[in-house]
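**Student:** Got a structure for you, questions after.
A short reminder: the numbers here are calculations on the coordinates, not readings from a lab. Since this is a predicted model, take the numbers as computed values, not measurements. Cβ placement follows ideal geometry from the backbone for every residue including glycine, while neighbour counts extend to all protein chains displayed.
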Amino acid sequence: EDQVTQSPEALRLQEGESSSLNCSYTVSGLRGLFWYRQDPGKGPEFLFTLYSAGEEKEKERLKATLTKKESFLHITAPKPEDSATYLCAVLNYGGSQGNLIFGKGTKLSVKP
Amino acid sequence: DTGVSQDPRHKITKRGQNVTFRCDPISEHNRLYWYRQTLGQGPEFLTYFQNEAQLEKSRLLSDRFSAERPKGSFSTLEIQRTEQGDSAMYLCASSPGQGTYGYTFGSGTRLTVV
């Protein structure tokens, strides 16, 4: 069964303290891996799509990487406004083309 | 076009009542998706449309749930005879067709069944 597991569930950082979030996945055939940011009471906001192992994408303080079994979201010198829940999702070749399979997310808190 | 719009933002209903939510996707997006999210969980897929055709429904979508997308534009999600377990955030998303595009989500409709 296709599965996405994110760790840690929650992460508290001081402003400027870099860290990484992990997304481990098991799918029959990866079509794409997505990272989203979600603020309380709002819908997920798209960050990145990664397609194949070795691929990397960057946006401001965020950098996403992909291997055959997991993805990392690296946060460099975070600021309080980076506080949010970060969701990882996968789309596989074997399943529905509409069915993104999400993890439970990592709740990031950045203190000034 | 400013994104995916959902209405209402919040809905409180009594158990047993019917509710209907509306989603207006980004105008040039021909794919529309409904997801449900409960507290502390990631979104779960319910159903999706390509234009006006409903192409797949999750087994989470019981007979009490129905979705439509007339004319391939806006979509509605109706829940009949609501139960307390239906309380959740209902999210709509759209994308510009096949492929691994990043879906654009709306802000959701928060349903509370009392």
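**Student:** Go ahead and run the numbers for FRET between residue B:112 and residue A:55, Cβ-Cβ distance against an R0 of 35 Å, rounding to 0.05.
**Tutor:** E between residue B:112 and residue A:55, to the nearest 0.05, is 0.30.
**Student:** Among the lysines, select those whose C-alpha is under 28 Å from the C-alpha of residue B:11, and discard any that sit fewer than 8 residues away in the same chain.
**Tutor:** In chain and number order, the partners are A:42, A:104, A:107, B:57, B:71.
**Student:** What whole-number distance in Å separates the alpha-carbon centres of the stretch B:26-80 and the stretch A:16-81?
**Tutor:** One Cα centre to the other: 25 Å.
**Student:** With an 8 Å cut-off on Cα pairs and a minimum separation of 6 or more residues, tell me the relative contact order of chain B in percent.
**Tutor:** The value is 37 percent.
**Student:** Which is the longest run of chain A containing none of the GluC sites (Glu not before Pro) found in DSSP loop states (not H, G, I, E, B) with at most 16 other C-beta atoms within 10 Å?
**Tutor:** A:61-112
**Student:** Suppose R0 equals 30 Å. What FRET efficiency, 1/(1 + (r/R0)^6) with r the Cβ-Cβ distance, do residue B:13 and residue B:73 give to the nearest 0.05?
**Tutor:** E between residue B:13 and residue B:73, to the nearest 0.05, is 0.70.
**Student:** Just to be sure I understand the model, the point goes 7 Å from the Cα along the line to the Cβ. What's the resulting residue B:38 to residue A:1 distance in nm?
**Tutor:** 1.4
**Student:** OK, next. In terms of the Cα gyration tensor, with a ≥ b ≥ c the square roots of its eigenvalues, is chain A rounded because a/c is under 1.5, prolate because a/b exceeds b/c, or oblate?
**Tutor:** prolate
**Student:** Using 7 Å Cα-to-Cβ label points, what is the residue A:111/residue A:19 separation (nm, one decimal)?
**Tutor:** 1.1
**Student:** How big is the protein assembly as shown in terms of Cα radius of gyration and Dmax, in angstroms?
**Tutor:** 17.5, 51
**Student:** Here's something else I'd like to know. Any idea how far apart residue A:26 and residue A:12 come out in nm if each label point goes 7 Å out from Cα toward Cβ?
**Tutor:** Between residue A:26 and residue A:12, the simple spin-label model gives 3.3 nm.
**Student:** Name the residues whose placed amide hydrogens come within less than 5 Å of the amide hydrogen of residue B:58, ignoring near sequence neighbours (fewer than 5 apart) on the same chain.
**Tutor:** Here the answer is B:47, since their amide H atoms fall under 5 Å of that of residue B:58.
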